[in-house]
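Just so you know, all these numbers are worked out from the coordinates, no wet-lab data involved. Quantities reported herein were computed from a predicted structural model and do not represent experimental measurements. No Cβ is skipped: glycine too gets one built from the backbone with ideal geometry, and neighbour counts run over all protein chains shown.
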Amino acid sequence: MAVKKVLIIGGTGRLGLVLSRVLKENGYEAISIGSNKLNLQDENVQTELMKYSPDYIVHAAALSSVDRCEREPDLAYSINGYGTEKVSLAAKRMNVLLLYISTDYVFDGENPPYSENDKANPLSVYGKSKLLGEQFAREICSSVILRVSWLFGPEGNDFVDFVAHGEGTLRVVPYQVSKPTYTVDLSYAIMKIIQKKATGIYHFANPPTVSRLDWVRTILMVSGKDRKIRRVDWEELGVDAERPLDSSLSASKYEREFGKIPSWREGLRECLNA
Ligand SMILES: NC(=O)c1ccc[n+]([C@@H]2O[C@H](COP(=O)([O-])OP(=O)(O)OC[C@H]3O[C@@H](n4cnc5c(N)ncnc54)[C@H](OP(=O)(O)O)[C@@H]3O)[C@@H](O)[C@H]2O)c1
């Protein structure tokens, strides 16, 4: 049976909002829920989810602030880990596929680029709690784990927005490396995965790999913004959680099955109307 009704948990987030729009534009019935409709910390998650009787669930909800997760580990595990256990149990009971959005931060950054078979070794509570979520999704129900990195897109409130629309000197840790992921391209990728009813682990990120410093320089150039850059280390930036130095994801498995992923440069221009 073809998938028609897609429930998006985390539908009020940066990715969820774009995904909902893309699915609706392509003929799906997309139902978006944020934490006001369903709190993953509640006991009744399973029964609440069953009321929507979806054909497919996309779980894009998370405590996504890496530093907040480090400061509040119980909250991080409760939402990202055990919240995903509840969602997985509901998917199993309804016999529907679950697509769980995960992260490049499940890797330690020592041996990039990372393929789907590489061993995870998260450095932070965020990464550990997301990996726990992955384990529940894999063990409990039929699922897709889709790992993505450095999200940016038209909904703003992200790193691109911060660089392009903020003021003052930017403090940048120059040596961190990864691949930005454009939420519009990601949403089309999710749609293809839904259509194919694929299962297993996939990595999705826009090429090429870029350092944080070059990512900032390119955002400033494309947006026509003039801001000074000061290179700092993690300590001076004052972060709570350790980040992988190079968590670049290899998306070759996705590209072999679903087609080439465009460069993040195109997404960035589209996003900044440049
Ligand atoms: N942002 C990145 O750079 C990045 C990188 C790699 C992977 N990811 C992953 O990509 C996914 C989407 O990230 P995003 O940036 O779109 O996140 P986001 O903008 O922070 O949105 C998070 C979503 O989760 C919901 N949520 C938070 N706590 C919840 C709770 N207790 N119960 C139910 N829902 C809750 C929020 O609902 P309300 O807004 O209604 O509270 C919101 O819809 C996440 O799984 C994240 O781990 C993100």
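Panel order for LEU99, LEU89, LEU131, LEU249, by other beta carbons found within 10 Å of each beta carbon, from fewest to most: LEU89, LEU131, LEU99, LEU249. Relative contact order of the chain: 21 percent, from C-alpha pairs under 8 Å at least 6 residues apart in sequence.
Remark on ASN121: its backbone amide H falls under 5 Å from those of PHE107, ASP108, a criterion applied only to residues 5 or more positions apart or on other chains, H modelled at 1.01 Å from N. Computed 3J(HN,Hα) for the stretch 171-180, one whole-Hz value per residue from the Karplus formula 6.51 cos²θ - 1.76 cosθ + 1.60 where θ = phi - 60°, is 9, 10, 7, x, 8, 6, 10, 6, 10, x, glycine and proline marked x.
For LEU99, the residues whose amide H sits under 5 Å from its own are ILE57, VAL58, HIS59, VAL144, ignoring neighbours fewer than 5 places away on the same chain, with H placed 1.01 Å from N.
Ranked for footprinting exposure by Cβ neighbours inside 10 Å, fewest first, ARG147, ARG212, ARG243 give ARG212, ARG243, ARG147. Its relative contact order, with pairs defined as Cα atoms under 8 Å and 6+ residues apart, puts the stretch 163-274 at 45 percent. With θ taken as phi - 60° and the Karplus curve 6.51 cos²θ - 1.76 cosθ + 1.60 applied, the whole-hertz 3J(HN,Hα) list for the stretch 35-41 is 6, 6, 8, 8, 9, 5, 7 Hz, x standing for glycine and proline.
With only the Cα atoms considered, the stretch 27-178 has a convex hull volume of 145 Å³ per residue. Note on the chain: antiparallel DSSP beta bridges, both residues inside, total approximately 5 percent of the bridges counted. Do any of LYS24/LYS92; LYS228/LYS253; LYS86/LYS196; LYS119/LYS197; LYS119/LYS260; LYS51/LYS260 go past 31 Å between their Cα atoms, and which? As for pairs spanning more than 31 Å Cα to Cα, those are LYS228/LYS253; LYS51/LYS260. All C-alpha pair distances within the chain, sorted into 5 Å bins from zero, spread as 1, 6, 13, 17, 20, 18, 13, 8, 4, 1, 0 percent across the bins.
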